Each structure stands twice: as structure tokens, then as C-alpha cells.
Amino acid sequence: MFITNYIKNVFGAVKSLAVGMKRTGYYFTHHKEIITEQYPDNRDTLVLADRFKGEVVMPHNENNEHRCTGCTACELACPNGTIKVVTKFDITPEGKKKKAVDKLVYHLELCTMCNLCVVACPSDAIKMAPTFEHSVFDRSQLTKVLNQPGSKIMDGVE
Amino acid sequence: MDGSTIIFYILAALTLGSGLLAVTTRQIFRSAIYLLFSLIGIAGLYFWMNYDFIAAVQIVVYVGGIVVLIIFSIFLTHQTGEKLPSPTLSRQLFAALAVFCGAALILVQLYHFQYTGTTETALEPNVNNIGMQMLSTDVGGYALPFEVVSILLLAALVGCIVIALRTKPQTN
Amino acid sequence: MLSFSQIASDVDQWLHKVCSPTWALVFEMVIIGVSVIGLFAVLGLVLVLMERRVAAWMQIRLGPNRVGPQGLLQSLADTLKLLVKEGMTPGGSDKFLFNLAPFIAMIAAMLLMAPIAFASNFQIWNINIGVLYVSAVSSLSVIGILMAGWASNNKYSLMGAMRSGAQIVSYELSAGLSILTIVVLSGNLGLNDIVLSQKDGWWIFKGHIPAIIAFIIFMIAVTAETNRAPFDLAEAESELTAGFHTEYSGMKFALFFLAEYINVFIVCAIGATLFLGGWMPFHIGNLEGFNHVMDYIPSSIWFFGKTFFLIFLIMWFRWTFPRLRIDQLLNLEWKYLLPISMFNIILVTVVAIMKWYF
């Protein structure tokens, strides 16, 4: 029936609009739920989301050891040439030559935080850190070496 | 010369001046805008004469309706910055002749009209009186013309719908 | 007691004492003009800040809170920025019309101030066809928008102007019809007379069902007429960058912006006058004691309170609903609002003839 449909339409529309207005009205009257971060003022108490991706870092333990084997999987995975792995050959105690990382060069200014390098890494050597205050005066300062000087690979990581 | 006269001359100058500009300008959109100012000037004259209702209707019908329609048709058919070609000599001559004849007719009529005074008090031009007069069936009432005009408008509306109606494609 | 009408009549008497009636009239006109412009400036500042705060709180944000205490000076700072910005005129535009358009929009908004009754006995022009005057002059504002759209020589502007024209012309019908319901009920066109007819209760209560339907339709139609979301197709940032005022900058843009807020204020003032009793305090029938208490609150506070309540309602619409598409917009008007308001007119005529209102 046309008329009943028409009236049903009108009342349905008014009802659905009222539902939306109820939601915004609730937010309007409940100021405790405000999610704005007053950023520079609350720098000390700022809580970032767990999955926030700001920069690629390589964690080191207290003995200045990392987990990077220098396999260049991250360099191959990177879509825009952000990571450059410089490798060297270490001599193992058995006298064999073994490939290891010399410098893992990371161009922050090119990085899109796509997380592909972290996914590609077979030994979980790199991860995304939740830092975001990256502004510097010179672009060259954004080119970083991720492995700390004098660091070496952790035992048991192949 | 008191304030009221000054206001009358300002309104008359606005009406005539923008009317003149409307027919002389070579840009069609500007022409429509000058026409708008001319019509607003006429509405101002009605306000000046305290015929508030007629003035408001003038604005509703001419400014809100007709000029907007004219502007819409300009939007759909012209481009910004385009200038119209100036009319040919024969057209200008005919236009001048038509204007002369019209002006002569009106002036002759005005000259011969006997402006006789009346002692009757004027009817207050408020909405109540206008409504009563418009729908009265007494002598001098406007019920019949009003209805005839509405039938004309209805016919125009039906005509518009018939023209705009999309004929259903034959399903064979 | 200090009231607006008292101040106005004092000024009037003083002017008539010190100079001739003609000059007194001229001075009064100047005073009115200056105070209307002052009201515009204050309203612009207040409404922009209010809109930003309401928007922020509805979207779980804080809103402006840096400039001045609680961010109260934010809109003042914005005004300063707009004042010192260059007002550019694009190369291929029709320069005369381009520069004229913002003023047309502004003047139309200014003219609409005339018949509004701000407080008891305080009105710029007590014209006996107030409602008709308002609906007539509000059709002028579309001219400013069309002019801006055409003169900019820009596709987005032209499309915005055309959408706005189609929208305003069609929504004027249902706004006019819903205004007519109250005219039928009160039997008057003057805004002050309509306010006086609500002495024993506002029309939205006295006129029950038809008045409530008319009020809802009126609010929807005026939201569309002032080009505000969810009917902001004329601006539609995501489709047309800014619609008809894409090419405007600096103070010329500010005039359009201001005209929009003034129009919102005016339509809300008209809505408050027609449905919520304007400056009339909240009276319940013949309850003498209660009515007497309510009379102690000044009439101007009642008027501005109701107007700002309606403005808040329109802002609430804006920050809740998504934008309509143009076909949905025209469907809503021609298939829903217009038939319903025509039916409502018949209903209200029956109610008025049978005296079924309270």
C-alpha cells in the first residue's frame, strides 16, 4: 500500500535522525569522553597507541648485542629504498668466515612507516618505535645507522 | 524639497538608471542584475507609497521568481566573460521606433487623463482588506478574475508537465 | 525598570527636544544602522565561536582553547587575520559583479533585521506584513550567491551557485507554507502582533499537532535555505572545494561567512517568534502567580534565549547528519516536505475554523 509505506518512511526517517541526534547529544553533554591530547603540554603523560609506528629501531640488549644477521631481507622488502645494509665478514671461532652486519643505514626521510621490513625480518632484529618528534634542521640528520657502534650479534641467532 | 521627495528621486533614478543600463550593457548576466535593481527600485517606490503588501509581492514574484529564472537560463546557455554582439542598425532603428511609439501613447494618455479629486477616505491597504477585496463576489470584487487567472496558471502548469514528460519507450 | 523599549523612547524624546523632527529621524536612522552593524559584528564573533565549540564537543574534541581565556578570543583573532589578508580578484572574472556579490548577500541579511521584534515594544520597523516581508527579502540572498558563482568564472563556483539556487527556490515553498500555518492560527502577518497573540501560551503548545508538524518542517526548510549541513551542497567542501565562494579571500570571504551566520540568526529569530512566542515570557493559561514570576525575566532575555536554543538545534543538525545528494535533496522537498506541509495547511485551517486550538 502506497500511503502506509509513505507514512512508514516518514516516521522511520524521523526516528533514525533522532537516534543520530541522541548520540551527538550524549557526547555534547559528557565532556569526560573527550579524546583530544593537548600535545606539547602533556608530553610527559602522553600515551600513544601500541601499534603506533613512528620510526624503525633495532633493539640492543645490555651487552650491546642485537639480533641482526645482515641477511638484507629488510632492504629487499623496502618499497622505496629506505634501508641499506652494509655487510662484512666476521671470523667465527672455528675459523670460518661468516656474513654479519656492518652498518644498517636507515633513511628516515624516505620512510613511509609501512612496516614491511619488520614483517620481512626473519630474526626479529628490527621493530617500529612509537617516537614521532623527528623534526631537525638538516635533512642529513635523518639518515641514521641503526646498529650501535661496536655492537655484535647475539649468541644463538642464525 | 523635503526628505520624502529626495527619497522619491533617489528611487526613481535607481529604477530608470539601472533599467537603461540593463538594455545597453553587452554582458547578459550584468543585464539581468541591472534588471533586478530596476525591479527592486519599483518595489522601493511601492514601499515609499506605503503599499507594503504590493511591494513585498513585487519582490517575491519578480526578484525571487522571475529574475532567478532568468539567471538560471543564462547559467545554462552562456559562458562567463562572453560579450553579446551589438545589434544591427535596422534592429536599432526598429527598437527606437517602438520605444517612440510606446512613449507617445503613454504620454498622450497621461495628458488626456482627467485627474479628478475624491473626498472618499482611502481604503487602508492592509492584508485584511486586500484579502476581502480579492475574494469578494460583490460589485468591484475580484473573485472572478482571481479564479480565471488561477485556471490560466493551472493550464500553464499542466502544459509544462506535458512538455517535460518523458514518453515511455515502446516495449515490443 | 531599564529595558530596551525604555531606552529607545528616551533617545527618541531627547532627539526630538534638541533638533527638528527631520534631523531627529535622520539621527535615529544612523543610530539604528550603527547598532545593527554592531549587532552583526557581535553575532558573528559569538556564533562562530559557539559553532566551533558545539562542533568540538559533539565530536569528542575540545575546540578552540588557546587564544584568550577558554579560547574566547579565538574568533577575534580570526577576524584580525581575515582583515589583513589580501582580497584577491581572479583574472578572468567579472570584476564589478565579483566585488558586488558579498555586499548583496550582506545587505539582504541586514534588511531582514528590520521587522524582528527583539523585546517588547522594541522593533526597528513594525511593518504590518512582517512575515511576508521576511520571506520576500530572504529570496534576495540567493541573488548574491548566484552572482558570486557566475562572476568567479570557475566551474566549482558555478555548480555551487546552481545547486544553491535550486535548493533555496524549492525549500522556500515549504518554509513559506509552514510559516502560513502560524499566520492562519494567529490571523496576523505582523511579527509583533503574532507575538502578542501568544500571551496565554506559545503556538507550538496552543496549536498542538499541526503546529508541531509545521515547526519540524520549518526547521528542516530553513536549514536548507541557509545552506547549512546536511544541506550544504552549495559549499560541499569534499566535492566543490568551497562552492560559490571558492575564489573569495580576505574580507570578501568574511562577508559571505558573516552573512551565513546572520541568516541563521534571523531564521531562528523568526522561528522563535512564530512558534516559541518571541519575547513573550513562558505563560501557562490563566495561572496568575506563575505568569507573574515569569514576567520578571526581561523580554529581551526570553527572545535571545529562544533564538539561541534554535541556533543550537541547527548546529546540532549540522554536526550529526551527513550531507545529502542533490537528488535526495530535491526528493525530500518535492515528495515529502511539500505534500506534508500542504496537508498540514488544510489541517490547520480546519483547526482554526473549528477553534480546536487552546
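Quick one: which of B:Val61, B:Val57, B:Val23 is outside the structural domain of B:Asn128 (by TED's automatic domain parsing), farther than 30 Å from C:Met29 by Cα, of a type in the set (A, V, I, L, M, F, W, C) and free of Cβ contacts under 8 Å to residues at least 24 places away in the same chain? Reasoning before the result, please.
Working: B:Val61 fails: farther than 30 Å from C:Met29 by Cα; B:Val57 fails: farther than 30 Å from C:Met29 by Cα.
B:Val23 is the lone residue from the list that is outside the structural domain of B:Asn128 (by TED's automatic domain parsing), farther than 30 Å from C:Met29 by Cα, of a type in the set (A, V, I, L, M, F, W, C) and free of Cβ contacts under 8 Å to residues at least 24 places away in the same chain.
Hey, could you check region A:5-31 for residues that are among the β-branched types (Val, Ile, Thr) and under 20 Å from C:Arg323 (Cα atoms) and say which is nearest to the other protein chains (Cβ to nearest Cβ)? Walk me through it before giving the result.
Filtering region A:5-31 down to residues among the β-branched types (Val, Ile, Thr) leaves A:7, A:10, A:14, A:19, A:24, A:29.
Next, only the ones that are under 20 Å from C:Arg323 (Cα atoms) stay: A:10, A:14, A:19, A:24.
On the way: A:Val10: 6, A:Val14: 8, A:Val19: 10, A:Thr24: 4 Å.
Taking the candidates together, the pick is A:Thr24.
Take A:Leu104 and decide whether it is of a type in the set (A, V, I, L, M), under 14 Å from the mean Cα position of the chain (by Cα) and modelled with pLDDT of 80 or more.
Numbers: of a type in the set (A, V, I, L, M): yes; under 14 Å from the mean Cα position of the chain (by Cα): no; modelled with pLDDT of 80 or more: yes.
So A:Leu104 does not fit the description; no.
Tell me which residues, restricted to region C:88-104, are open to solvent by 10 Å² or more (accessible area, probe 1.4 Å) and assigned to a helix (DSSP H, G or I). Let's see the steps before the verdict.
The first filter runs over region C:88-104 and keeps only residues open to solvent by 10 Å² or more (accessible area, probe 1.4 Å), leaving C:88-96, C:99-100, C:103-104.
Within region C:88-104, C:Lys95, C:Phe96, C:Asn99, C:Leu100, C:Phe103, C:Ile104 qualify.
If B:Asp52 passes every condition in (1) open to solvent by less than 80 Å² (accessible area, probe 1.4 Å); (2) more than 8 Å from chain C (Cβ to nearest Cβ); (3) more than 26 Å from C:Ala101 (Cα to Cα) but one, which one does it miss?
(2)
For (1) within 14 Å of chain A (Cβ to nearest Cβ); (2) of a type in the set (Gly, Ala, Ser); (3) touching a Gly at 6+ places or on another chain (Cβ under 8 Å), each residue gets a yes or a no:
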{"site": "C:Ser20", "(1), (2), (3)": "no, yes, no"}
{"site": "C:Glu28", "(1), (2), (3)": "no, no, no"}
{"site": "C:Val34", "(1), (2), (3)": "no, no, no"}
{"site": "C:Leu39", "(1), (2), (3)": "no, no, no"}
{"site": "C:Val42", "(1), (2), (3)": "no, no, no"}
{"site": "C:Met50", "(1), (2), (3)": "yes, no, no"}
{"site": "C:Arg53", "(1), (2), (3)": "yes, no, yes"}
{"site": "C:Ala56", "(1), (2), (3)": "yes, yes, yes"}
{"site": "C:Arg61", "(1), (2), (3)": "yes, no, no"}
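Does at least one position in region C:3-16 carry a residue that is in a helix (DSSP H, G or I), at pLDDT 85 or above, away from chain A (no Cβ under 14 Å) and under 26 Å from C:Val267 (Cβ atoms)? Spell out the reasoning first.
Residues of region C:3-16 that are in a helix (DSSP H, G or I), as a first pass: C:4-16.
Of the ones still in play, those that are also at pLDDT 85 or above are none.
Scanning region C:3-16, I find no residue that is in a helix (DSSP H, G or I), at pLDDT 85 or above, away from chain A (no Cβ under 14 Å) and under 26 Å from C:Val267 (Cβ atoms), so the answer is no.
Would you pick out the residues in region C:157-175 that are closer than 15 Å to C:Ser135 by Cα, within 9 Å of chain B (Cβ to nearest Cβ) and open to solvent by 10 Å² or more (accessible area, probe 1.4 Å)?
Answer for region C:157-175, where residues must be closer than 15 Å to C:Ser135 by Cα, within 9 Å of chain B (Cβ to nearest Cβ) and open to solvent by 10 Å² or more (accessible area, probe 1.4 Å): C:Val169, C:Glu172.
What number goes with the only condition from (1) open to solvent by less than 10 Å² (accessible area, probe 1.4 Å); (2) assigned to a helix (DSSP H, G or I); (3) of a type outside the set (Lys, Arg); (4) closer than 27 Å to C:Met342 by Cβ that C:Ser141 does not pass?
The number of the failed condition is (1).
Scan region A:6-45 residue by residue and report those that are part of a loop (DSSP other than H, G, I, E, B), among the hydroxyl-bearing types (Ser, Thr, Tyr) and surrounded by 10 or more Cβ atoms within 10 Å (Cβ to Cβ). Before you say what the answer is, go through the steps one by one.
Narrowing region A:6-45 to residues part of a loop (DSSP other than H, G, I, E, B): A:30, A:34-38, A:43-45.
Still in the running and among the hydroxyl-bearing types (Ser, Thr, Tyr): A:36, A:45.
Correct list: A:Thr36 only.
Quick check, is C:Asn227 within 20 Å of C:Gln123 (Cα to Cα), surrounded by 18 or more Cβ atoms within 10 Å (Cβ to Cβ) and of a type outside the set (Val, Ile, Thr)?
Values: within 20 Å of C:Gln123 (Cα to Cα): no; surrounded by 18 or more Cβ atoms within 10 Å (Cβ to Cβ): yes; of a type outside the set (Val, Ile, Thr): yes.
For C:Asn227, the condition - within 20 Å of C:Gln123 (Cα to Cα), surrounded by 18 or more Cβ atoms within 10 Å (Cβ to Cβ) and of a type outside the set (Val, Ile, Thr) - is not met.
Are there any pairs with C-beta distances below 9 angstrom linking a residue in region A:73-86 that is farther than 14 Å from A:Lys103 by Cα to a residue that is in a helix (DSSP H, G or I) and among the charged types (D, E, K, R), with the two at least 6 apart or on different chains, and if so which?
A:Gly81/A:Glu75
Every residue, every condition in (1) in contact (Cβ under 8 Å) with a residue 40 or more places away in the chain; (2) over 30 Å from C:Asn126 (Cβ atoms); (3) open to solvent by less than 100 Å² (accessible area, probe 1.4 Å); (4) of a type in the set (S, T, N, Q), yes or no:
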site: B:Gln114; (1), (2), (3), (4): no, yes, no, yes
site: B:Thr121; (1), (2), (3), (4): no, no, no, yes
site: B:Pro145; (1), (2), (3), (4): no, yes, yes, no
site: B:Gly159; (1), (2), (3), (4): no, yes, yes, no
site: B:Leu165; (1), (2), (3), (4): no, yes, no, no
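Go through (1) free of Cβ contacts under 8 Å to residues at least 24 places away in the same chain; (2) open to solvent by 80 Å² or more (accessible area, probe 1.4 Å); (3) among the β-branched types (Val, Ile, Thr) for A:Thr92 and report which single condition fails.
Against the list (1) free of Cβ contacts under 8 Å to residues at least 24 places away in the same chain; (2) open to solvent by 80 Å² or more (accessible area, probe 1.4 Å); (3) among the β-branched types (Val, Ile, Thr), A:Thr92 comes up short only on (2).
Before we move on, is C:Val184 in the same structural domain as C:Phe98 (by TED's automatic domain parsing), over 21 Å from C:Phe282 (Cα atoms) and out of contact with any Asp or Glu (no Cβ under 8 Å at 6 or more places or on another chain)?
Numbers: in the same structural domain as C:Phe98 (by TED's automatic domain parsing): yes; over 21 Å from C:Phe282 (Cα atoms): yes; out of contact with any Asp or Glu (no Cβ under 8 Å at 6 or more places or on another chain): yes.
It is true that C:Val184 is in the same structural domain as C:Phe98 (by TED's automatic domain parsing), over 21 Å from C:Phe282 (Cα atoms) and out of contact with any Asp or Glu (no Cβ under 8 Å at 6 or more places or on another chain).
If you take the residues in region C:265-287 that are at pLDDT below 75 and either over 21 Å from C:Ala211 (Cβ atoms) or of a type in the set (A, V, I, L, M) (or both), which one is least open to solvent (accessible area, probe 1.4 Å)?
Going through the qualifying residues, I end up with C:Ile284.
May I ask you to verify whether B:Ala22 is more than 11 Å from chain C (Cβ to nearest Cβ) and surrounded by 12 or more Cβ atoms within 10 Å (Cβ to Cβ)?
Taking the combined requirement at face value, the residue satisfies it.
The values are calculated or read from the model by the stated rules, or taken from the named source; none is laboratory data. The model shown is predicted, which means the values in this text are computed figures rather than measured ones. With ideal geometry, Cβ positions are generated from the backbone for all residues, glycine too; neighbour counts draw on all protein chains shown. When the accessible area is computed, the model is the full protein with side chains, heavy atoms only, and any ligands, DNA or RNA have been set aside. Shrake-Rupley method; radii C 1.70, N 1.55, O 1.52, S 1.80 Å.
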